[in-house]
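Remarks on the structure that follows.
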Amino acid sequence: MKLHTLTVIGGCNGSGKSSYYRAIASRKTPSFDYDKVYLQNYHSLLDSDISDVMTHNMSRTFLEKSIENAFLMNEDFTYETNFNSSPLF
């Protein structure tokens with residue numbers, strides 16, 4: 001049984017997380033960019049008092065499914081995070 005690798009790249013916004021990922025990861029390794037997914041989800045919702053919470057929950061669900069799918073497909077996975085106040089792990 002092959003062991004899988006979950007790589008976490010953390011840093012503040014604009015620090016080069018995505019550039020670092022492209023430099024170290026193989027082309028087959030999927031990456032979850034929390035900032036990108038969060039913004040996509042946020043802009044897909046109507047503006048409300050709970051948009052931030054809903055967006056975070058949507059992003060977390062997508063991350064969990066992405067990791068599960070990568071491992072089912074026998075792939076490694078990279079998670080890019082800005083270590084916000086409500087982390088996904």
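The values are calculated or read from the model by the stated rules, or taken from the named source; none is laboratory data. Every value quoted in this text rests on a predicted model; they were computed, and no experiment measured them. Please note: Cβ atoms are built from the backbone with ideal geometry, for glycine as well, and neighbour counts cover all protein chains shown. Areas reflect the complete protein model, heavy atoms only, side chains present, ligands, DNA and RNA absent. Shrake-Rupley method; radii C 1.70, N 1.55, O 1.52, S 1.80 Å.
Miscellaneous remarks
- For the range 29-80, residues that are among the hydroxyl-bearing types (Ser, Thr, Tyr), over 22 Å from Lys17 (Cα atoms) and either open to solvent by less than 30 Å² (accessible area, probe 1.4 Å) or in a loop (DSSP other than H, G, I, E, B) (or both) total 2.
- Scope the range 2-28; condition at positive phi and open to solvent by 50 Å² or more (accessible area, probe 1.4 Å); matching residues: Gly14
- Taking residues in the range 48-68 that are more than 16 Å from Pro30 (Cβ to Cβ), and partners anywhere that are open to solvent by less than 100 Å² (accessible area, probe 1.4 Å) and part of a helix (DSSP H, G or I), the pairs with Cβ atoms closer than 6 Å and at least 6 places apart or on different chains are Thr55/Tyr38; Thr55/Asn41; Thr55/Tyr42; Met58/Asn41.
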